[in-house]
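First the structure, in the form of structure tokens, and then the observations on it.
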Amino acid sequence: MRLGLDIGTSSIGWWLYRLENGTPAAVVDGGVRIFSDGRVAKTGASLAVARREARAARRRRDRYLRRRTVLMQRLAGAGLMPEAPAAAKALERLDPYALRAKGLDEKLPLTHFGRALFHLNQRRGFKSNRKTDRSNEEGGMISKGTERLDLEMMANHARTLGEFLHMRRQKAETPRQTPPVRTRTTTLTLANHKVETRYDFYPDRRHLEEEFHTLWQAQAKHHPALTDELRDTLFETIFYQRPLKAPKVGQCLFTDERRLPKAHPLTQRRVLFETVNSLRITADGQESKPLGMELRDIAIHFLDSKNSLNGKPKATLKTLGKKLKLRQGERFTLETAARDTIAPDPVRASLSHPSRFGPRWSTLSDRDQWRVVRRIRNVQSEKCADVLTSWLVSRFGLDDTHAREVISAPLPEGYSRLGETATRNILAHLKAEVLTYNQAVAACGWHHSDERDPKASPLMSLPYYGKILERHVIPGSYDQNDDDITRYGRITNPTVHIGLNQVRRLVNKIIEVHGKPDQIVVELARELKQNDKQKAEIQKSIKANTNAAIERGTKLDELGVPNTGANRARYKLWEELGPAIGPRCCPYTGKTISAAMIFTPD
């Protein structure tokens with residue numbers, strides 16, 4: 001029997017044939033299995049997003065309440081807060097902003113100082129995560145708001161954030177005109193008529209930490225009970241924040257090592273050599289041919305000369321062809337109307353920019369390059385950035401400005417599918433010869449796609465996919481007491497995860513009813529493993545093509561020509577002969593062709 005499967009994002013069509021001499025002779029059974037793709041129909045977002053956001057909000061709330069309770073207990077134990085709840089509640093009537101400003105110059109009662117510290121806990125500020133803010137639009141708005149706050153504080157000669165906010169409140173003539181002390185977004189219309197949404201000011205965790213130390217230093221002169229030990233305890237209670245949880249990294253396709261990050265210099269060199277080695281030169285009427293070693297090395301040198309401040313370098317295939325001195329009419333097989341560029345190494349291009357390492361980056365060893373990249377990836381706060389700046393200055397002799405630029409260098413996110421050993425071995429073969437990826441893998445003694453174990457016994461039914469695709473999933477616990485998903489891991493794309501599980505259920509049920517098929521033929525929908533952005537681009541392209549077809553149909557009606565698919569295709573070919581404004585000429589004779597002429601018998 002032959003089982004045919006057509007696997008889509010929310011359905012599986014199946015058809016079971018009986019074979020005679022390898023040819024379908026009769027239909028045994030068939031049908032369609034429909035299921036949810038695990039996404040919101042309107043937005044395409046995963047259903048897990050809403051649950052994850054709600055869970056994160058509950059955790060933040062619980063942690064805040066625990067932190068507030070612990071702080072109140074420690075303040076009361078140190079005499080900075082009344083032990084009686086009613087007396088502590090009465091302190092709420094005090095203006096905390098006035099206390100935070102007054103405490104810089106005058107002696108405050110201990111409980112009033114405790115009220116100011118408690119207010120710092122309530123408004124402890126945004127802690128910038130430099131690791132994620134580099135590619136986050138909201139993070140960019142916040143950083144600009146923080147810069148505006150620094151400038152405003154300097155202009156108003158405010159020593160702390162609390163003093164700045166107190167000054168801001170005092171400028172109001174009436175209570176109703178009091179400007180807000182919390183962050184708010186404002187919408188501005190710029191000179192070029194563009195609309196910009198921004199924060200007028202945005203406090204950073206740094207502002208609150210600096211104010212804590214400044215206030216403590218001012219009040220410690222008046223109160224001997226304010227010891228350094230108490231200061232450190234309260235500071236940790238108010239400002240401690242958990243570091244980001246490191247993601248689990250999958251296993252290399254060929255070894256037992258963990259996968260290398262995409263930002264690893266070795267990974268990017270492998271990708272660059274794979275891309276250039278796969279280039280083929282072609283011309284009309286000629287077979288395509290690969291680059292020789294000399295041309296390959298020239299292409300690599302040309303791409304390595306590119307640098308980019310934003311980490312997105314580009315080189316056109318036409319320019320590369322000129323560097324390789326291609327003959328008239330020759331071109332690369334990759335060069336199409338939709339693609340005319342080739343990407344250099346983004347890590348090298350970013351860090352070899354003159355404002356960062358410059359040409360020195362190429363002289364560093366692989367190990368030193370990875371040390372720099374790894375530390376940049378691990379920067380999560382300004383404190384980490386200061387430490388890394390000092391290390392770059394002392395280790396590589398950079399000045400402070402260049403070191404700061406190095407820290408802000410954009411790097412690729414995510415992980416490759418190979419570990420360090422496999423990457424080094426494959427890269428060595430790619431450099432030694434002009435091999436494609438699969439040829440380089442074969443030279444290492446592996447196979448680029450066939451991972452079947454010839455010694456394995458046949459399966460009577462399909463197991464959970466994570467057990468078979470252990471090198472393609474996020475690692476699990478491998479605890480026998482856990483369920484399959486927790487034990488073996490899973491694919492993070494919810495559509496693929498659900499689709500593979502549905503295939504397993506369907507095939508196992510078919511085996512249970514009809515027995516094991518001799519052959520299984522699978523057709524996969526291209527959009528099955530695409531992310532939201534890729535799906536949106538496809539939908540945008542489909543919509544544009546549909547609108548263009550409708551417009552061509554309207555023009556055919558005006559010409560009195562039947563609005564058929566063949567006529568629309570002919571009209572599209574005529575449109576591609578030239579620009580919208582100007583004559584369209586026959587590519588063979590050079591004579592002008594009108595729209596009406598393409599539908600005449602001649």
Close pairs from the range 555-572: first free of Cβ contacts under 8 Å to residues at least 40 places away in the same chain and open to solvent by 60 Å² or more (accessible area, probe 1.4 Å), partner hydroxyl-bearing (S, T, Y) and in a helix (DSSP H, G or I), Cβ under 9 Å, at least 6 apart: N563/T554
Residue list for the range 39-67, filter: polar (S, T, N, Q) and open to solvent by less than 70 Å² (accessible area, probe 1.4 Å): S46
Exclusive hit being within 30 Å of K248 (Cβ to Cβ) and among the small types (G, A, S), set S390, S416, S355, S362: S416
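When you go through K221, K306, K262, K245 one by one, which is the residue that is touching a Phe, Trp or Tyr at 6+ places or on another chain (Cβ under 8 Å) and on the phi < 0 side of the Ramachandran plot? Before you say what the answer is, go through the steps one by one.
On the way: K221 fails: touching a Phe, Trp or Tyr at 6+ places or on another chain (Cβ under 8 Å); K306 fails: touching a Phe, Trp or Tyr at 6+ places or on another chain (Cβ under 8 Å); K245 fails: touching a Phe, Trp or Tyr at 6+ places or on another chain (Cβ under 8 Å).
Going through K221, K306, K262, K245 in turn, the sole match is K262.
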Options K144, K127, K131: the member that is modelled with pLDDT of 80 or more and within 30 Å of the chain's Cα centre (by Cα): K144
Residue match in the range 418-429 (condition: surrounded by fewer than 16 Cβ atoms within 10 Å (Cβ to Cβ) and closer than 17 Å to R360 by Cβ): no
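If we keep just the residues of the range 433-481 that are of a type in the set (G, A, S) and in a helix (DSSP H, G or I), which is nearest to the chain's Cα centre (by Cα)?
Once the filter is applied, the top-ranked residue is G466.
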Within the range 484-493, tally of residues that are modelled with pLDDT of 85 or more and either on the phi > 0 side of the Ramachandran plot or not hydrophobic (A, V, I, L, M, F, W, C) (or both): 6
Subset of the range 19-49 (residues that are within 13 Å of T9 (Cβ to Cβ) and acidic (D, E)): D37
Close pairs (6 angstrom Cβ cut-off, 6 or more residues apart or separate chains): under 12 Å from F113 (Cα atoms) in the range 203-224, charged (D, E, K, R) anywhere: W216/R231; H222/K107
Every residue from the range 403-424 that is at pLDDT 90 or above and more than 11 Å from P261 (Cα to Cα): T421, A422, T423, R424
Odd one out for R93 among (1) of a type outside the set (A, V, I, L, M); (2) within 26 Å of R231 (Cβ to Cβ); (3) without any contact (Cβ under 8 Å) to a residue 60 or more places away in the chain: (2)
Filter pass, A87 being within 40 Å of the chain's Cα centre (by Cα), of a type in the set (G, A, S) and open to solvent by 40 Å² or more (accessible area, probe 1.4 Å): no
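If you take the residues in the range 145-165 that are outside any helix (DSSP H, G or I) and of a type in the set (S, T, N, Q), which one is farthest from Y202 (Cα to Cα)? Before you say what the answer is, go through the steps one by one.
Going through the range 145-165, the residues outside any helix (DSSP H, G or I) turn out to be 156-160.
Okay, now just the ones that are also of a type in the set (S, T, N, Q), so 156, 160.
On the way: N156: 16, T160: 14 Å.
This residue is N156.
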Condition broken by G31, with the remaining ones in (1) open to solvent by 40 Å² or more (accessible area, probe 1.4 Å); (2) modelled with pLDDT of 90 or more satisfied: (1)
Matching residues, the range 300-319, being under 19 Å from K431 (Cβ atoms) and outside any loop (DSSP other than H, G, I, E, B): I300, H301, F302, L303, D304
Residue within the range 499-514 that is outside any helix (DSSP H, G or I) and acidic (D, E) present: no
Any hit, the range 282-299, residues being open to solvent by less than 20 Å² (accessible area, probe 1.4 Å), in a helix (DSSP H, G or I) and β-branched (V, I, T): no
Positions within the range 464-509 being farther than 26 Å from V40 by Cβ, free of Cβ contacts under 8 Å to residues at least 40 places away in the same chain and open to solvent by less than 50 Å² (accessible area, probe 1.4 Å), in sequence order: G476, Y488
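Filter the range 311-321 down to the residues that are more than 18 Å from S288 (Cα to Cα) and either modelled with pLDDT under 85 or surrounded by 15 or more Cβ atoms within 10 Å (Cβ to Cβ) (or both) and list them by number.
Step one: of the range 311-321, the residues more than 18 Å from S288 (Cα to Cα) are 311-316, 319.
Residues satisfying the conditions are G311, K312, P313, K314, A315, T316.
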Strands (runs of 3 or more DSSP E) contained in the range 1-117 and holding at least 2 residues over 30 Å from E537 (Cβ atoms), touching a Phe, Trp or Tyr at 6+ places or on another chain (Cβ under 9 Å) and hydrophobic (A, V, I, L, M, F, W, C): 23-34
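Residue-wise test of (1) more than 26 Å from D62 (Cβ to Cβ); (2) open to solvent by less than 60 Å² (accessible area, probe 1.4 Å); (3) acidic (D, E).
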site: E196; (1), (2), (3): yes, yes, yes
site: H213; (1), (2), (3): yes, no, no
site: K221; (1), (2), (3): yes, no, no
site: D228; (1), (2), (3): yes, no, yes
site: I238; (1), (2), (3): no, yes, no
site: T255; (1), (2), (3): yes, yes, no
site: V276; (1), (2), (3): yes, yes, no
Qualifying residues in the range 325-353 (those that are at pLDDT 85 or above and either over 26 Å from the mean Cα position of the chain (by Cα) or of a type in the set (S, T, N, Q) (or both)) - the one most open to solvent (accessible area, probe 1.4 Å): K325
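The values are calculated or read from the model by the stated rules, or taken from the named source; none is laboratory data. All values derive from a computational prediction rather than experimental measurement. Cβ sites come from the backbone with ideal geometry, for glycine too, and all protein chains shown count toward neighbours. Calculation scope for accessible area: heavy atoms of the full protein, side chains included, ligands and nucleic acids excluded. Shrake-Rupley method; radii C 1.70, N 1.55, O 1.52, S 1.80 Å.
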